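Visitor: Here you go, one structure.
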Amino acid sequence: MKLRIILMVLSLLAFLSATAGGYLYYSSLKESAFKEAERQAVARLEMIKTNLSSLLSEHRKSVRTLAGMKEVSRYLLNPDPVNIIDANDILDHFKDSLDIEVCYLIDSKGNTTASSNRNDADSFVGHNFSFRPYFTEAIQNKPATYLALGTTSKKRGAYYSYPVYGREGDKPAGVTVIKVSIQMIEKELSLSPDEILLVTDPHGIIFISNRNDWIYNSITNLSADEIDFVAASRQFGEGPWHWNGLTIVNDKFAKDSHGNGYLMNRTEIEDYPGWRVVHLRSLAAISKVVSDPLLRITGPIVLALTVLIGISVFFLYGKATEEISLRRSVENALRESEERYRSLYNNTPAMLHSVDPDGRLVSVSEHWLDVMGYERHEVIGKMITDFFSEESRKFAREVVIPEFFKKGYYKDAQYRFVKKNGEEMDMILSAIGDRDSGGKIIRSLAVSIDVTERNRAEEALKIAKEELSRYSKDLELQVKKRTREITGILENIPAVVYTKDLKGCYILVNSRYEELFKVKIEEIRGKTDYEILPEETADLFRNSDIIVLERKLGCQFTENIKHEEGIHTYISVKFPLFDEAGSINGICAILTDITALKKAQDQLRRLSGSIIESQEKERFAIARELHDELGQVLTALRMDSVWMYERLKESDKKAALRALSMCDLVDKNIQDVRNMAIRLRPGVLDDLGLVDALEWYTSDFERRTGITCIFEHYNVPALSETIATASYRITQESLTNMARHAGANRVDVILRFESGILTLVVSDNGKGFNISELGESEGLGVAGMRERAVLAGGVVEVQSFPEKGTKVSFTVQIDDQIRSL
């Protein structure tokens, strides 16, 4: 042990001596290196300043020369198309010759009128730069240079401006500007990797730098007034101009946000008041200049001394420590093994315990205590069977423990443990014996697994299986019952029912289908319509099936199917069938024979037509009688009244006045009779046609009701008497209903013929009504209109909503019913 201390002290002294000498030597070299670095930095800054000043003033003469070109002044004085071509040529020539970013001309109002980048996406032409200082100074006869970020191109640049004079002694007609890219200037500076160059404006905003991440940042925190001033100038874009984290320690040193130190030198730029060049050189790089040569010289010496000392110490120390190291390694391995065992025993997520040959607990794991709810002192020394249920305790004493001591192990013993709170747990226990050198079991190591939840799950699963079995049987009985019910419906329903898959192959047909088409389900299952039905019927079925599949909705069709006794008419309701995923997997159809109903409807329609025709004839006859008979009598009566007035006006004035009053009354009756005859059957409808009849009737309607009635007609041909009469009566009924119920102040009647279809629309702006709430008596007029439309081969549609008016539409196909003129 003493030898080790002596060797350690000698080694430490040698190391301290070498370290002290090296430190003194390093400090001396470092001081010299910093002085030399400072001298070089000053010289380097002056050189950079000179180069930068030269680069920034390089194009002053060029812009002056450009301003003196006659093409430029001529264009600013007379900006016609010929002069702008010459001016653009000059600008392009200067740009290409000087290898600069852009040349452009600004008129006296600050508008850019010509530019070498006129064809680029970021062209300056049309932009106003009157806010730029380089313009405001040049237009006042002061050539200017300016550093800024382009508001249009978004590129940094140095701007050179010079006034352009039209005539000698005149004010400037405009300004020429040359813009040079700052990136080109930065490339010319040739900076080394360990130095940083910053060119800052009077507020400290970095405009030029070889550190791209510092550009547009500030070397100081700007005040709110400074930020507002910079933003108003628009010199460096829209900001923000964050502080770059550079802290100026003193006039010679600075430190960035990462703690890196720099040797700092600053100087101002000529002709740019307030602008500075800041040169930073990394202190780490300067130190490296000292450390690298030192390491090259002293490194091998120090290494050799270290190796020599190390070999000596190792040789002398090795023998003395060999035995100690060996002993320590054995002790550590034993300790680690014991700690691993204890950690595994106490932290494993299983119930572990050990018992002695008497069955008393000598150790338990932490998990065993947590599960059982005991403290360690409450269980150590107790019999393991004290924690069993009575049944498990008996099983352990009579079976498990004897067999364990006989074999030295026992697997999967099923016990019931009792927790401290009295709760019982189902456990599976496996144990192995730990023997002494004589082979006698001195204790056991047992693992217990809680299977309470598993047993409960197994019991629940057993109950669930029984419930599922009962439910399956009930479901099977219900399915059989529903199957019998559906089968009974399909067998006894008078309608035709069938189902098909997406390919049109039959899956199911009912007995009515089999009866009508003389087939059996076994014969047609899996076949299509074309394999079992006539082609005409198959086409009819397949086309309607395709419509349902495309629309993915239930549809209703009227289908005429040929049977042996003749053609039958069916109302066919077809709808898609969906699978569990919501996808269509088939189609179902229900066909109801309406042949008898159709015949009854046709007979009723013929009867209705006959009645309406008789009504029209009767109206015509009554109108003729009113006009011919009663009209003639009233005319004769009027003539007699006039004769009486003429005979009595001199002899009996009172009787003459009575005769004149009788004449007026007869005139009124004659007019009423004429109106009644016209409303019963207007002669204009028979003599001049539907258009003139409706023209007369709408005018008469407006006169009688005071409701504005507008009639419009388009391309109406000569029509059959049936269609003309139906159209007239529908219009008559519609206007009558609107006058009675609508409360409208305007009615529109439109008659139009287009593409073989005659359309009549009667609409109002009245209060409207709910069609579903139309009373029985009120609905007779609508029913009459529909009946007339059907007899004419057309259809009437009534649309109405509360407060939105009413519209009655009558449409009829008349291609084959146009009367020849």
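The values are calculated or read from the model by the stated rules, or taken from the named source; none is laboratory data. Quick caveat: nothing in here was measured; it's all calculated off a predicted structure. In this analysis, Cβ positions are derived from the backbone assuming ideal geometry, glycine residues included, and neighbour counts consider all displayed protein chains. Just the protein is used for accessible areas: all its heavy atoms, side chains included, with ligands, DNA and RNA removed. Shrake-Rupley method; radii C 1.70, N 1.55, O 1.52, S 1.80 Å.
Visitor: Sort Asp700, Asp225, Asp170 from largest to smallest accessible area, using a 1.4 Å probe on the heavy atoms of the protein chains.
Guide: Asp225, Asp170, Asp700
Visitor: Local charge sum around Gly110 (other residues, Cβ-Cβ under 15 Å, Lys/Arg +1, Asp/Glu -1)?
Guide: Value of the local net charge: +2.
Visitor: My understanding is that a pair violates if its Cα-Cα distance is over 20 Å; which of Lys480/Lys503; Lys142/Lys179; Lys518/Lys574 do that in this structure?
Guide: Beyond 20 Å between Cα atoms: Lys480/Lys503; Lys518/Lys574.
Visitor: Counting Lys +1, Arg +1, Asp -1, Glu -1, what net charge surrounds Ile100 among other residues with beta carbon under 10 Å of its beta carbon?
Guide: Residues close to Ile100 contribute a combined charge of -2.
Visitor: Going Cα to Cα from Lys668, which lysines come in below 20 Å? Please leave out same-chain ones fewer than 8 positions away.
Guide: none
Visitor: Something else now. Just to check I understand the Karplus step: with θ = phi - 60° and J = 6.51 cos²θ - 1.76 cosθ + 1.60, what whole-Hz values come out for the range 518-524, glycine and proline as x?
Guide: Calculated HN-Hα couplings, in order: 6, 9, 10, 4, 5, 7, 10 Hz.
Visitor: Run the dipole for the range 97-158 about the Cα centre, Lys and Arg Cβ at +1, Asp and Glu Cβ at -1, nothing else charged, and hand back the magnitude in debye, nearest 20.
Guide: That gives the range 97-158 a dipole magnitude of about 180 debye.
Visitor: Not counting ligands, DNA or RNA, and with a 1.4 Å probe, what is Leu361's accessible surface area in Å² rounded to the nearest 10?
Guide: 0 Å²
Visitor: Run the reach check for Lys419 against aspartates and glutamates, Cα to Cα strictly under 16 Å, same-chain hits fewer than 8 apart removed. What comes back?
Guide: Result set, ordered by chain and number: Glu366, Asp370, Glu375, Glu378, Asp386, Glu390, Glu391, Asp450, Glu453.
Visitor: With a 1.4 Å probe and all protein chains kept in place, how much accessible area does Ile670 have, in Å² rounded to the nearest 10?
Guide: Here the accessible area works out near 30 Å².
Visitor: May I pose another question? Order these peptides, 744-757, 447-460, by their mean beta-carbon neighbour count within 10 angstrom, highest first.
Guide: With the highest mean Cβ count within 10 Å placed first, the list reads 744-757, 447-460.
Visitor: Which value in Å is the Kirkwood Rh of the range 81-135 over different Cα pairs?
Guide: Radius from the Kirkwood sum: 11.5 Å.
Visitor: Then there is this: How many lysine pairs does the range 29-125 hold where the Cα atoms are under 25 Å apart and the two sit 8 or more places apart or on different chains?
Guide: Value for the range 29-125: 8.
Visitor: So, how do all the Cα-to-Cα distances of the range 510-589 break down into 5 Å bins, in percent, from 0 on up?
Guide: Over the range 510-589, the share of Cα pairs per 5 Å bin runs 3, 13, 21, 26, 21, 10, 4, 1, 0 percent.
Visitor: Using a simple spin-label model with points 7 Å from Cα along the Cα→Cβ vector, what separation in nm is obtained for Asn770 and Ile757?
Guide: 3.1 nm
Visitor: Taking the Cα centre of the range 91-234 as origin and charging only Cβ (+1 Lys, Arg; -1 Asp, Glu), how large is the dipole, in debye to the nearest 20?
Guide: 440 debye
Visitor: Check which residues have an amide H placed less than 5 Å from Gly174's amide H, if you skip close sequence neighbours.
Guide: Val164
Visitor: 5 Å is the cut-off here: which amide hydrogens, built 1.01 Å from N in the peptide plane, fall below it relative to Tyr498, excluding neighbours closer than 5 in sequence?
Guide: For Tyr498, the qualifying residues are Ala589.
Visitor: Of all the Cα-Cα pairs you can form in the range 395-554, what percent are over 25 Å apart?
Guide: The answer is 65 percent, as a whole percent.
Visitor: Dividing the alpha-carbon radius of gyration of the range 86-180 by 2.2 N^0.38 Å (N being the number of residues), what value is obtained?
Guide: It is 0.99.
Visitor: What are the lysines whose alpha-carbon lies under 26 Å from the alpha-carbon of Lys473, with same-chain residues fewer than 8 places away excluded?
Guide: In chain and number order, the partners are Lys462, Lys465, Lys481.
Visitor: Next up: Excluding Met264 itself, calculate the net charge of residues whose Cβ lies under 13 Å from the Cβ of Met264, where each Lys or Arg counts +1 and each Asp or Glu counts -1.
Guide: Counting the neighbours of Met264, the net charge comes to +2.
Visitor: For the full complex of protein chains and a 1.4 angstrom probe, list His367, His93, His713 by accessible area with the highest value first.
Guide: Output order, biggest surface exposure first: His93, His713, His367.
Visitor: If I model a spin label as a point 7 Å beyond the Cα along the Cα-Cβ vector, how far apart are those points for Arg740 and Ser325 in nm?
Guide: It is 12.4 nm.
Visitor: Now, a different point. For the range 153-251, place one equal point scatterer on every Cα, skip the solvent, and apply the Debye formula. What is log10 of I(q)/I(0) at q = 0.13, 0.14 Å⁻¹?
Guide: Those come out to -0.61, -0.68, one per q.
Visitor: I would also like to ask the following. Using 0.36 nm per residue, how much length does the chain from Arg525 to Arg470 gain when fully extended, once their Cα-Cα distance is taken away?
Guide: Answer, rounded to one decimal: 16.3 nm.
Visitor: For labels at Phe229 and Leu16 in the simple 7 Å Cα→Cβ model, what's the distance in nm?
Guide: 6.0 nm
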